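Okay, structure first, notes after.
Read-outs: derived from the displayed coordinates by stated rules, not from any lab. Values in this document were obtained by computation on a predicted structure and should not be read as measured data. Note that we place each Cβ from the backbone using ideal geometry, even for glycine, and neighbour counts take in every protein chain shown.
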Amino acid sequence: MESLKVLNLDETAIYQSRLGLQWLLLKRSKGLGFSWASLPGSLVKLSLESCKLSDDVIPNDLCNLPSLKSLNLSRNPIHYLAESLKELTKLDELVLTSCTELQMIPKLPFLPNVSGFSTVSAVKSFSSILPCFFSSKRCVIFGCEKLTEVQDIFKLEPIENFDAEEIRRLFNVNSVNKNRVQLYNCLTDNIMLATPQVLQECGITSTLVLGSEVPIGYKHRTNEHRISFLLPTPSHPDEKIRWFSLCIVFSLDGDQILDLPPSVYIFNETKRTTGRYCSSFIGIPKTNDNTMLWLIHWPVTDCQFEGGDLVSCMIVPIHLRIKKFGVTYESEHNIRYEYGFSYLSTGMSRFQIIMFMAYYPMHY
């Protein structure tokens, strides 16, 4: 048994070995959880689907499985993943399909490609977001309908957790409609009906609310999917743009559920840089005029946006009908306060996020 590489225990209570193998007898210890020391270190693939695993049953010691590359915990009533998963340094596939009670996935070093950027051109570029759960290192979370956080990747929380001043400074609005909305999560393939949620994804913050008008504070407006403008001459020579706020008024083009969410681009056409944001969530409008507001707070602290630069913002509306589009921005000189999510912004380097940059003329 020392050379066993694949073990499938699907639909088996793991503390009751139906195979009668002595090394598989996993004894329960309430204080320490399970000890899996008897599992062979040669295991490469382990499947525990539908084993009725709960939070207090998942082992807290997995260092005896140094070769494990694939772990299937699907269809178990777990709420959180054990910290011991960090010990599986060779793991490149974690399957969590239909873990309907799962709420949070901790920071896991073996999932560097869960979300991030990819470089596709040599053109000077700045950061953008592209959720990428399906890569050479995979985390499958279809059907995890209660999942609200993947640490350092995304976090979803009710807008009620933010006071009015925080909402104003994030989204440049005095107030938002807090009626319930439908949100589609393309990562879990689920629809949720809830009060508006604030989504934080690797430093970009967004929300989806009912509405049909761009708020008055947005400096540049259009009824098209693209808008261009010149940044004004700064009042100080070192003044830089710190963030953009975008408001997109949209309706769905038909009754289709989105297979892929739309993308938002910011081009600095003067410096030939491009940023792309592809959210994990999109709203499903259900109001009488069938529209919603997509509000985006996009920091660009590491980018060079200066007075005189020609900037274009564009939406690639997969299944969306763009009604109105507004953009505004804040400079370093004007900022008095910035609501930051430091654990998200600092997580990029730790996760070795792959950068996605597109040469901007390709998207015109």
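Bridgeable aspartates and glutamates around Lys69 (alpha carbons under 20 Å apart, same-chain partners fewer than 8 residues away excluded): Glu2, Asp10, Glu49, Asp61, Glu83, Glu87, Asp92, Glu93.
Among the listed pairs Lys155/Lys324; Lys45/Lys155; Lys178/Lys286, which have their C-alpha atoms separated by more than 22 angstrom in this model?
Details: Lys155/Lys324 27 Å; Lys45/Lys155 30 Å; Lys178/Lys286 14 Å.
Pairs exceeding the cut-off: Lys155/Lys324; Lys45/Lys155.
Computed over neighbours whose Cβ is under 13 Å from that of Arg180, the net charge equals +1, Lys and Arg +1, Asp and Glu -1.
Relative contact order for the range 151-204: what percent, with Cα pairs under 8 Å and sequence separation of 6 or more?
Values: 58 pairs, mean separation 24.7, N = 54.
The normalised contact order for the range 151-204 reaches 46 percent.
Taking amide H atoms as placed 1.01 Å from N in the peptide plane, the amide H of Lys323 lies under 5 Å from those of Val249, Phe250, Ser251, each 5 or more residues away in sequence or on another chain.
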